[in-house]
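Down below is the structure, laid out as structure tokens.
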Amino acid sequence: QRYALSTFYFATEGGDWTVNTGWLSEDNECLWFNVDCVDVDNRSLVAELRLVGNNLVGQFPNELQVMTAMKVLDVSENYIFGELPTILPKMLSLTTFRTSVNSISGNLPSNIGMVTSLEELAVSDNVISGLIPTTISNLRNLKVLSIDTNQLVGSLPSEIGELNLTQLSVGRNQLVGTFPI
């Protein structure tokens with residue numbers, strides 16, 4: 001996990017982050033700025049990475065897929081670009097994925113429905129385009145779906161109506177049709 005975090009640091013220009021205290025130091029990675037860990041079988045594993053508004057510039061590296069204990073990945077309000085990572089299903093514990101207010105493009109990956117632990121998916125204020133994949137209905141634990149202010153087209157999949165959402169934000173896209181209930 002130290003290697004994955006280091007790769008993330010370099011992929012997002014960590015030397016230029018607003019705050020990067022401890023990153024790449026000899027200290028345990030669980031002591032690095034805004035990295036929180038949990039103990040699993042006498043090992044400290046990264047559970048949360050929160051770097052909101054911290055001047056991250058770059059793309060998600062595939063190395064993050066080794067973070068199987070990560071519950072929260074929040075890199076909102078930065079300068080992340082490229083497509084959403086297709087490696088998310090390998091992050092088996094992920095409950096919260098926030099990348100709002102970045103420059104992420106491409107489509108919502110169809111394998112997003114494989115991240116069945118997900119409770120919050122917040123990717124608003126990006127340039128994500130294409131259709132909303134019907135596989136989103138596989139996210140039975142999803143409570144918050146925030147995909148507004150993108151370039152999504154088509155209609156909301158009727159399957160979204162099957163989810164027990166507490167918050168749904170889909171405005172400021174090019175969506176048509178009726179709201180599925």
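The values are calculated or read from the model by the stated rules, or taken from the named source; none is laboratory data. Since the structure is predicted, the reported quantities are computational estimates derived from the model, not experimental observations. FYI the Cβ positions are ideal-geometry reconstructions off the backbone, even for glycines, and counts take in every protein chain you see. The area values use the complete protein model at the heavy-atom level, side chains included, leaving out ligands, DNA and RNA. Shrake-Rupley method; radii C 1.70, N 1.55, O 1.52, S 1.80 Å.
Summed over all non-identical Cα pairs, the Kirkwood treatment of segment 1-55 gives a radius of 11.5 Å. Annotation for Asn164 and Glu119: the two label points, set 7 Å from Cα along the Cα-Cβ direction, are 1.2 nm apart.
Annotation: per residue accessible area for the chain equals 47 Å², rounded to a whole number [probe 1.4 Å, protein chains only]. Of the Cα atoms belonging to the chain, the radius of gyration and Dmax stand at 16.5, 55 Å. Computed from the C-beta positions of Ser103 and Arg43, the FRET efficiency with R₀ = 41 Å rounds to 0.70. Compared with the dominant principal axis of the Cα atoms in the chain, helix 2-11 is inclined by about 70°. Each listed q (0.13 Å⁻¹) maps to a log10 I(q)/I(0) for segment 45-150, found by the Debye formula over equal Cα scatterers with no solvent: -0.40.
With all protein chains in place and a 1.4 Å probe, the accessible surface of the chain carries 48 percent carbon and sulfur.
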